[in-house]
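Laboratory data are not the source of any read-out in this text; all were calculated from the coordinates shown. Remember, predicted model here, so these are calculated numbers, not experimental data. Reconstructed Cβ throughout: ideal geometry from the backbone, glycine too, with neighbour counts over all protein chains shown.
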Amino acid sequence: MTDPSDTSLGDTPPEGTHDQDYNFAYLDEQTKRMIRRALLKGLAIPGYQVPFASREMPMPYGWGTGGVQVTSACLVPDDCIKVIDQGADDTTNAVSIRKFFERTAGVRTTEKTGEASLIQTRHRIPETPLEEGQILVYQVPIPEPLRFLEPRETETRKMHALEEYGLMHVKLYEDISSHGHISTAYAYPVSVEERYVMDPSPIPKFDNPKMHQCPAVQLFGAGREQRIYALPPYTDVVSLDFEDHPFTRLRNDGVCGLCGADDTYLDEVIMDDEGTRMFVCSDTDYCATRIEEAAE
Amino acid sequence: MAENSLAGGFAAPAVNSAVAFRGIMMAMAEPGRIMPVSGGIPPRPMDSAAGVLALTLCDPTTPVGLMPSMDQPAIREWLTFHTGAPIIAPGEAEFVFGRFDEMADFTVFRQGTSEYPDRSATLVAAVASLENSGAVLRGPGIKESRALNLPDVTPFQANAALYPLGVDVVMVAGGDLVAIPRSTRVEVE
């Protein structure tokens, strides 16, 4: 029994062990088996959204309940995990999920992209290229790329079955006709192995090319929407575009005010009431590593 | 019930199944890559890799089919005790265990539907040996190509032609397994 006056709940158990009040990695075995079966079908049919019986998690929808369930089903005790939220390791969402797995799975954690065997991400792909053997788990709010064009699940399912993606091209064309260019800047739709159109989750389209032929396994979990999908390593992932309006990456035109990088995805930070602004790398680990290297 | 049907399960179910699943998942993510798995010992003639896969993925919600070579009381009792999976006709089952030569016609198993291609069978097929030579595999999960000693390429080619429908095959030999999902394109050497 836990002493109710014990306020140390949430403390990290000794390294290499997990809180014995929980099953390893929080979820019960039946749930993990169900998620694992969905993951295998997802990997066998890249880009196809596999329905799964998403569970209530001890965090609100929108905080990564899908990603957490996928991570939980994949974790092994030797894993070293990294969690990022918009590229940052030190935001509330990232810190609480990292702590969740430290406590319930006893795994090691890191902020270094290169050291992590599993990275759970909300809306970014790390700047450091991923390697073979790594797993990238995305938190997905709306897994259906066609949802804002067709609200009925029965219809979007038919559209995927029939490979009927004309509506998506019409949407991108309408962007061009009203703005002169494709203005979709995040959750930019991709075509997987020339079959399924997939929502890459709300990553900036700057990150889209990193998904193509990525050496790491990419897994996507949408908790509220109860869908899992996946990309095996070395899968063709092509951003939709037109011959006369090819896909382009988008980044703020500037350099990072901290590390000086001119090729990373930048966040714009307001510095004071006078409108002073500065750009900083969205990927905190990449930025910190560059600053360290420059100092040496 | 034979006494030995109670043995051979995971000693530490949460950790054993997590480690086994990581092996199975990496096999499915990288078709043709031979992965060792361990932790479970099913009755013969079932390979230990097939037993570990059953312990990791099968439960009362997944109907299991047994081909004649595996349809033996010892295996039925072992699967029932350790997984609780109902054993039904292979044509309707979610997981089918057998020898490859018994399953060479993949079309008799569940293929999924065009709206739900995930509702298809996973075949766990025993072969004599696994080595990275012979037929050439290409597709998602494979950088350029990978070789594998497939017993027969024809059913895999027919299966890939049905994409996104079709079955996913896990071949087992002893404690090793290798996955050939429907997305893998197979060519003769």
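Rounded to the nearest 5, the antiparallel percentage of DSSP beta bridges internal to region B:13-187 is 50%. Database remark: amide H of A:R224 closer than 5 angstrom to the amide H of A:G62, A:G66 (H placed geometrically; neighbours at sequence offset of 5 or more, or on other chains; Pro and chain starts carry no H).
Computed over chain A with a Gaussian network model linking Cα atoms closer than 10 Å, the most mobile of A:G67, A:G133, A:G87 is A:G133. The Rg/Rh ratio of region B:39-99, with Rg taken over Cα atoms and Rh as the Kirkwood radius over Cα pairs, comes to 0.90.
Enclosing the Cα atoms of region B:13-187 in their convex hull gives a volume equal to 102 cubic angstrom per residue.
What shape does region A:201-241 take by its C-alpha gyration tensor, where a ≥ b ≥ c are the square roots of the eigenvalues and a/c under 1.5 counts as rounded, a/b above b/c as prolate, and the rest as oblate?
On the way: a/c = 2.22, a/b = 1.36, b/c = 1.64.
Here region A:201-241 falls in the oblate category.
The P(r) of the protein assembly as shown has a tail past 31 Å containing 45 percent of all C-alpha pairs.
At 20 °C and a viscosity of 1.002 mPa s, what translational diffusion coefficient does Stokes-Einstein give for region B:116-162, taking Rh as the Kirkwood radius over Cα pairs? Give it in µm²/s as a whole number.
Numbers: Rh = 12.4 Å.
The estimated diffusion coefficient comes to 173 µm²/s.
State the dimensionless ratio Rg/Rh of region B:1-82 (Rg: radius of gyration of Cα atoms; Rh: Kirkwood radius).
Details: Rg = 12.7 Å, Rh = 13.2 Å.
That ratio is 0.96, to two decimals.
Determine the sum of side-chain charges near A:A88: Lys and Arg each +1, Asp and Glu each -1, restricted to other residues whose C-beta is under 13 angstrom from that of A:A88. Net charge in that neighbourhood comes out at -4.
Principal axis extents of the C-alpha atoms in region A:17-142 (largest first, rounded to whole Å): 36, 32, 27. Span-like helix check, chain B: qualifying full DSSP H segments, with Cα axial length of 20 Å or more and mean Kyte-Doolittle of -0.5 or more, are B:13-29. Using C-alpha pairs below 8 Å separated by at least 6 residues, the relative contact order for chain A is 20 percent.
Across region A:248-288 the C-alpha pair distances fall into 5 Å bins from zero in the proportions 6, 27, 30, 20, 12, 5, 1 percent. Here the label points at B:D101 and A:T184, each 7 Å from Cα along the C-beta direction, are separated by 5.2 nm in the simple model.
Per-residue Karplus couplings for region B:122-130, computed as 6.51 cos²θ - 1.76 cosθ + 1.60 with θ equal to phi - 60°, are listed in order as 10, 8, 10, 10, 7, 10, 5, 7, 10 Hz, Gly and Pro entered as x. For the protein assembly as shown, the antiparallel share of DSSP beta bridges with both residues in that region comes to about 55%. GNM remark for chain A: springs join alpha carbons under 10 Å apart, and the peak mean-square fluctuation among A:P129, A:P151, A:P209 falls on A:P151. Mean-square fluctuations from a GNM of chain A, with a 10 angstrom spring cutoff on Cα atoms, peak among A:A44, A:A222, A:A116 at A:A44.
Calculated from the alpha-carbon coordinates, region A:81-168 shows an Rg and a Dmax of 17.0, 47 Å respectively. If you take the alpha carbon atoms of region A:157-252 and fit the smallest convex hull around them, that volume is 120 Å³ per residue. Pairs spanning more than 30 Å between alpha-carbon atoms, out of A:K112/B:K143; A:K41/B:K143; A:K82/A:K171: A:K82/A:K171. Can you compute log10 of I(q)/I(0) for region B:86-188 with the Debye formula, treating each Cα as one identical point scatterer, at q = 0.15, 0.17, 0.18 Å⁻¹? For the requested q values the scattering log ratios are -0.57, -0.74, -0.83. For A:Q218, the residues whose modelled amide H falls within less than 5 Å of its own, excluding neighbours fewer than 5 places apart on the same chain, are A:L136, A:L231.
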